[in-house]
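Worksheet: the structure to be examined is printed underneath.
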Amino acid sequence: MAEASPKKIVGRLAPSPTGALHLGNARTFMIAWLNVRSQGGKLVLRMEDLDHPKNKAGADRQALEDLRWLGFDWDEGPDIGGANGPYVQTRRIEIYRQAVTKLSECGLAYPCICTRRDIDAGQSAPHEGEMLHYKGTCRNRFKTYSEALLTANGRLPAWRFNTGTSAPIQINDLFAGKYEQDVAKYCGDFVLARDADGAGYMLASVLDDAAMGITEIVRGDDLLSATPAQILIANALKLPIPSYIHVPLVVGADGKRLAKRHGDTKISTYREAGVKPEQIIGALAASCGWADEDEQISLNALLPRYNLHTIPHKPFVWDRELN
Ligand code: GLU
């Protein structure tokens, strides 16, 4: 009798077109790509473009171009299609709307009209700082979204997740290790989406990962603390929980997350300056223990060297030039 074949790994690259791809994103994507490809798995590219105010025109196209130039490929994505599309979040709004309806029908989502000052970072991936704790002021306050809208003085009510009956969540992160959080205590009823349709990072990301069959999520460890809330959403909607690999971020010499003040680390700038993709991949691979300092190597050639356990458990400090 044939043995059941092991479950195929499906990973994803999920860029947000809020700025140009830089060394920090590239390092996380490199780990994500190698993690999947070294296991013979499939890779999905999804454009996370829900954060309209922060989106930069053309950044979506540029991200794909930069990734291809660095040597990345994927099996499904906005430019090549696939069975689980569309792969652009602004084209999936109906899916998010239906999920919000479902959650609100079972009392797990409710509209909230508290002002921005009172509440946590809702729509973007919550990278900066910790979430504020929300006391649940609007829980049980409105029967419908329209009622909240009428009370909101022209503001658009957000959707919050009701953590009232939730238990603490444990994660066994394949890189970061054990992590436990009681979401109700940590941030309270968190913002699912700052949008009538439920089109916000927290919800969209969970729904898309499930719809696209993602089995392993590799992303920056700034999102580890948001993961238990995402697991609550997935549990509420009876969606499968993927494995997680949260890896440290790239920071500047001052220990702060890589940004403009640390110099221009945009992939497109290096490319225009004549830097080769192998130099960039080499430098990032060296930071993970897979290449010598200044070694030039392609993404493909790194496949046999991939090892999650040689990646240091601390942020990678970028304090050099590439030329
Ligand atoms: N799109 C998010 C970002 O670029 C990543 C979110 C995720 O990996 O879940 O920061």
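The values are calculated or read from the model by the stated rules, or taken from the named source; none is laboratory data. Since the model is a prediction, treat every value here as computed from it, not as a measurement. Neighbour counts run over all protein chains shown; Cβ positions are idealised from the backbone, glycine included. Each accessible area value is taken on the protein alone, full model and side chains, heavy atoms only, with ligands, DNA and RNA left out. Shrake-Rupley method; radii C 1.70, N 1.55, O 1.52, S 1.80 Å.
Going by the conditions given, is V88 in contact (Cβ under 8 Å) with a residue 40 or more places away in the chain and open to solvent by 10 Å² or more (accessible area, probe 1.4 Å)? When the stated conditions are applied, V88 passes them. Looking across the stretch 271-290, the residues that are closer than 20 Å to H22 by Cβ and open to solvent by 20 Å² or more (accessible area, probe 1.4 Å) come down to R271, E272, A273, G274, K276, P277, E278, Q279, A286.
Scoring C106 on the criteria (1) open to solvent by less than 10 Å² (accessible area, probe 1.4 Å); (2) away from the ligand (no atom under 16 Å from the Cβ) leaves a single failure, condition (1).
For the stretch 67-79, the criterion of being crowded, with 22+ Cβ neighbours inside 10 Å, at pLDDT 95 or above and more than 13 Å from the ligand (Cβ to nearest atom) is met by at least one residue.
Table: residues versus (1) farther than 16 Å from T28 by Cβ; (2) in contact (Cβ under 8 Å) with a residue 60 or more places away in the chain; (3) assigned to a helix (DSSP H, G or I); (4) not small (G, A, S).
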| position | (1), (2), (3), (4) |
| --- | --- |
| H246 | no, yes, no, yes |
| G274 | yes, no, no, no |
| L284 | no, yes, yes, yes |
| E293 | yes, no, no, yes |
| Q296 | yes, no, no, yes |
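Considering only residues that are open to solvent by 50 Å² or more (accessible area, probe 1.4 Å), touching a residue at least 60 places away in the same chain (Cβ under 8 Å) and within 14 Å of the ligand (Cβ to nearest atom), which ones fall in the stretch 27-61? Result: K54, single match.
Test R155 against the criterion of being more than 16 Å from the ligand (Cβ to nearest atom), at pLDDT 95 or above and assigned to a loop (DSSP other than H, G, I, E, B), and give yes or no.
no
Residue-wise test of (1) away from the ligand (no atom under 16 Å from the Cβ); (2) in a loop (DSSP other than H, G, I, E, B); (3) more than 17 Å from the chain's Cα centre (by Cα).
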| position | (1), (2), (3) |
| --- | --- |
| Q170 | yes, no, yes |
| K178 | yes, no, yes |
| A199 | no, yes, no |
| Q230 | no, no, no |
| N235 | yes, no, yes |
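With respect to the conditions (1) touching a Gly at 6+ places or on another chain (Cβ under 9 Å); (2) of a type in the set (S, T, N, Q); (3) touching a residue at least 60 places away in the same chain (Cβ under 8 Å), Q98 lacks only one, and its number is (3). What pairs can you find where one residue is in the stretch 171-184 and over 13 Å from L223 (Cβ atoms), the other is in a helix (DSSP H, G or I) and not acidic (D, E), and their Cβ atoms are less than 6 Å apart, with a gap of 6+ or different chains? Short answer, once both residue conditions are applied: V183/P228; V183/A229; V183/L232.
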